[in-house]
Amino acid sequence: MSVARRATGWSAGLAAALAGVMVVSAGIGPVSVPAETVVKAVLEAIAVPTLVGGELAWRHPLAFPLRDSHRAIVMRIRLPRIALGALVGFALGAAGTVMQGFFRNPMADPSIIGVSSGAAVGAVASIVAPAAIPFGLGLEPAAFAGALITAFGVYAVATEGGRTPVATLLLAGVAVQTLLGAVTSFLLLQSGESMRRVVYWLMGHLDNASWSDFVPVAGVPLLPLFVLCCFLVLLAYARDLNVLLLGEEEAGGLGIEVERTKRLLLAISAVITGAGVAVSGVIGFVGLIVPHVMRLVVGPDHRILLPTAALTGSAFLVAADTAARSAPQELPVGIVTAAVGAPFFLFLLRKRRVHEL
């Protein structure tokens, strides 16, 4: 079977599984909503453009006799949170796959170049000392800016003479993570009454999600489009990533512009991770474990691995967040991903050795 057909088949199956997980998740909560009602509520929200009196208007062609309470619970409360979880899981799954291929290291994840640490400093600073944040940036923009500044700072430190050795980049990332961890700890000590909010953000959560997180401008959901565009660029370079696994000299000999490809992969991975972390806090293990699991299932070819890992990351984070909000006391989703992901990963290691990249 060709690579394209395998990628399409796996992606279609996982997309259907993700849709099923989202429907089930939307029905779970203090008020149970039947799956059929969830689907009808979503179908009702579909709008199509229509010309009325020569002017463009949006019309909802479907309508069902649903309870207003069920409609509100699904569309206003649960679905924004589920959609945000799916989006963040998609971003982390894709970025984790690229980082592990980029570093040729199965222990790499999206935070390895300091993206999460930088986002944490930006977010915590915006909570503890908002007056010190330039341009009055709020929490999410400050976290995103912190992530990008850190990622590109690490890249600049590791680059010399136009070359960026992977080992130097890895060590620079570890050193910067340690430094920023100290900064975050210092800010945490100064947080006073804000400490609970700071700690909660650092644990990763989706409970404040709303449709405004998608930053609609003129009805256009910018965040999903941004993540999708980044993913498509990464997918376009999946073959180059496969070749880079052979080694930089071999990749250069096969016609790959090594340094240019590395810069692009690093930049897009940092950007897509920063976007996810900015709206959800630091959620670990998704970008580390999901690519491993899917590599065991579909193999190491990034043309298949990248879309499958992204979709599985979405489904995993939605399921983890459903468990987090269904607990007797609601938990940050980062606790659930760690508590579930780490033992499952150890189980896989015992059952079957992880493939070498």
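For segment 50-89, the convex hull drawn through the C-alpha positions has a volume of 110 cubic angstrom per residue. Here the Karplus curve 6.51 cos²θ - 1.76 cosθ + 1.60, taken at θ = phi - 60°, turns the phi angles of segment 269-282 into couplings of 5, 5, 5, 5, 5, x, 5, x, 5, 4, 9, 10, x, 8 Hz, with x standing for Gly and Pro. Across segment 74-180, Cα-Cα distances exceeding 17 Å account for 61% of all pairs. For the chain, the longest principal axis of the C-alpha atoms and the axis of helix 35-45 are separated by about 90°. Scaled to the globular estimate 2.2 N^0.38 Å, the Cα spread of segment 208-357, given as radius of gyration, is 1.18. Just check segment 243-309 against the gyration tensor rule for me: Cα atoms, a ≥ b ≥ c as the square roots of the eigenvalues, rounded for a/c under 1.5, and otherwise prolate or oblate depending on whether a/b exceeds b/c. Taking the square roots of the gyration eigenvalues as a ≥ b ≥ c, segment 243-309 is oblate. Rolling a 1.4 Å probe over the protein heavy atoms gives segment 207-357 an accessible area of 44 Å² per residue.
To the nearest 10 degrees, how steep is helix 115-128 against the longest Cα principal axis of the chain, on a 0 to 90 scale? Result, in degrees: 60. In this simple spin-label model, placing a label point 7 Å from the Cα along the Cα-to-Cβ direction at both residue 185 and residue 64 gives a separation of 5.2 nm.
Taking one equal scatterer on every alpha-carbon of segment 1-67, how large is log10 of I(q)/I(0) by Debye at q = 0.17, 0.24, 0.29 1/Å? Taken in order of the listed q values, log10 I(q)/I(0) reads -0.79, -0.98, -1.15. In a simple Cβ point-charge model (Lys, Arg +1; Asp, Glu -1; nothing else charged), the chain has a dipole of about 720 debye relative to its Cα centre.
Peptides 63-72, 140-149, 291-300, 87-96 ordered by packing proxy, namely the average of other Cβ atoms within 10 Å per residue, highest first: 87-96, 140-149, 291-300, 63-72. Helix 139-158 against the longest principal axis of the chain: what's the angle in degrees, Cα atoms only, rounded to the nearest 10? Roughly 20 degrees between the two axes. Surface composition of segment 145-275: carbon plus sulfur atoms contribute 67% of the solvent-accessible area (1.4 Å probe, protein chains only, all chains present). Kirkwood radius and radius of gyration were both taken over the C-alpha atoms of segment 184-270, and their ratio Rg/Rh is 1.19.
Between residue 250 and residue 45, the contour length at 0.36 nm per residue exceeds the alpha carbon distance by 68.6 nm.
Remark: relative contact order (the chain) = 28 percent; criterion is Cα-Cα distance under 8 angstrom and separation of 6 or more residues. Note on segment 253-308 and segment 1-62: Cα centroid distance 26 Å, given to the nearest whole angstrom.
Rg ratio for the chain: its Cα radius of gyration over 2.2 N^0.38 Å, N being its residue count, equals 1.03.
Extents of segment 1-148, taken as max minus min of Cα coordinates on every principal axis and listed largest first, are 55, 50, 44 Å. With a/c under 1.5 counting as rounded, go ahead and sort segment 115-164 into rounded, prolate or oblate using the C-alpha gyration tensor (a ≥ b ≥ c being the square roots of the eigenvalues; past the cut-off, prolate if a/b is larger than b/c, else oblate). It comes out prolate by the Cα gyration axes.
The values are calculated or read from the model by the stated rules, or taken from the named source; none is laboratory data. This is a predicted model, so every value here is computed, not measured. Note: ideal-geometry Cβ built from the backbone for every residue, glycine included; neighbour counts use all protein chains shown. The accessibility values were calculated without ligands, DNA or RNA, using every heavy atom of the protein model including side chains. Shrake-Rupley method; radii C 1.70, N 1.55, O 1.52, S 1.80 Å.
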